[in-house]
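Below is one structure; the comments refer to it alone.
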Amino acid sequence: MSQALSSAASGGGIALPMVPPPPLVAIRDLSVNLGGHTILRRVTADIARGKVTALIGLNGSGKTTLLRAVVGEYPYRGKITYHCGHDHSHPTPEYVGYVPQRLAVDARLPLTIRDLFALALSSRPLFLGIPRWVSERAEHLMERVGMATLLDHPIDGLSGGQLQRVLLALALEPSPELLLLDEPAAGIDFKDQKKFYDLISRINQEMGLTVVLVSHDLSMVNAHSHHVLCLKNGEIACQGPPQEILSPMNLSLTFGAETQLFPHRAG
Ligand SMILES: Nc1ncnc2c1ncn2[C@@H]1O[C@H](COP(=O)(O)OP(=O)(O)OP(=O)(O)O)[C@@H](O)[C@H]1O
Ligand SMILES: [Mg+2]
């Protein structure tokens, strides 16, 4: 036994060296074939617990495919290991929250946000009325995303930014261990986008939630992520902290020459 270990073990008061917690998800040598094509090739990456990991790359580079493989929707070769639960020993997360790249609900349906929550949270038909617990839970979740006053608003009257917040609130119930956001702010204006990314950061910090975020907005990735994975043609081109990865050299590796980061100036 080393001196540090034996002193600590015998109550000598010397602190043991800190062992970093394992990543929530460890991806090793992951390859995915779809329709006879290799979409992902030997991807090795960690999704750090409690952090925001951004996934960037050109259209068709495999970002959505990687998210779907991580949640077991696509068959793969290689290994994906989870270290979940408070003691990190669970082999799968209890819940995964997912905000998809494309809207799965028809925003023209004649429903209010409260109705949408009722459909998502309980199996009762709407004409039987909305149980009180569902309404209370919906109010709590809508408060979390800063939209408590809009619970009885029809969904077809929501702005793009408001709708994304509703989808985010839905993804937070039941409380997920892993939150996957596939271009959650695509198509919303800069001001609402900034507010949306601020909200994701706040949720990450307050709930200690592990987030994987696909984004084409490199300024937002720079400001809101702890780690960046760059995909190019289904392979990891580079990965690391945003300050390191969003350099002209790494960006040209991922996106081609002449790509630069122009930070937004907040108004
Ligand atoms: N089910 C499928 N069968 C065959 N090919 C597929 C399938 N799903 C995706 N692909 C192909 O895999 C490649 C990667 O797709 P993917 O959706 O993962 O890219 P992406 O990086 O998310 O792109 P974008 O930025 O446009 O969302 C694309 O060439 C796509 O056409
Ligand atoms: Mg995609």
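Where helices (runs of 4 or more DSSP H) fall entirely within region 46-165, those with at least 1 residues that are within 16 Å of ligand 1 (Cβ to nearest atom) are at 63-70.
Can you tell me which residue in region 178-198 is farthest from ligand 2 (Cβ to nearest atom), limited to those that are part of a loop (DSSP other than H, G, I, E, B) and surrounded by 20 or more Cβ atoms within 10 Å (Cβ to Cβ)? By that ranking, first place goes to Ala185.
When Arg202 is tested against (1) surrounded by fewer than 21 Cβ atoms within 10 Å (Cβ to Cβ); (2) away from ligand 2 (no atom under 16 Å from the Cβ); (3) within 30 Å of Pro242 (Cα to Cα); (4) in contact (Cβ under 8 Å) with a residue 12 or more places away in the chain, exactly one condition is not met: (4). Only one entry in Arg114, Arg137 is surrounded by 10 or more Cβ atoms within 10 Å (Cβ to Cβ), at pLDDT 80 or above, farther than 26 Å from Ala186 by Cα and among the charged types (D, E, K, R), namely Arg137. Just one of the numbered conditions (1) touching a helix residue (DSSP H, G or I) at 6+ places or on another chain (Cβ under 8 Å); (2) in a strand (DSSP E or B) is not true of Asn33: (1).
This table checks each residue for (1) away from ligand 2 (no atom under 16 Å from the Cβ); (2) modelled with pLDDT under 95; (3) over 17 Å from Leu181 (Cβ atoms); (4) within 18 Å of the chain's Cα centre (by Cα).
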| site | (1), (2), (3), (4) |
| --- | --- |
| Ala8 | yes, yes, yes, no |
| Asp29 | yes, no, yes, no |
| Val32 | no, no, yes, no |
| Ile39 | no, no, yes, no |
| Asp46 | yes, no, yes, yes |
| Val52 | yes, no, no, yes |
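Could you tell me which of the residues Arg77, Arg68 is within 16 Å of ligand 2 (Cβ to nearest atom) and either of a type in the set (Lys, Arg) or loosely packed, with under 12 Cβ neighbours inside 10 Å (or both)? Among Arg77, Arg68, only Arg68 is within 16 Å of ligand 2 (Cβ to nearest atom) and either of a type in the set (Lys, Arg) or loosely packed, with under 12 Cβ neighbours inside 10 Å (or both).
The values are calculated or read from the model by the stated rules, or taken from the named source; none is laboratory data. Just so you know, these numbers come straight off a predicted model, no measurement behind them. Cβ coordinates were reconstructed from backbone atoms using ideal geometry, including for glycine residues, and neighbour counts include every protein chain displayed.
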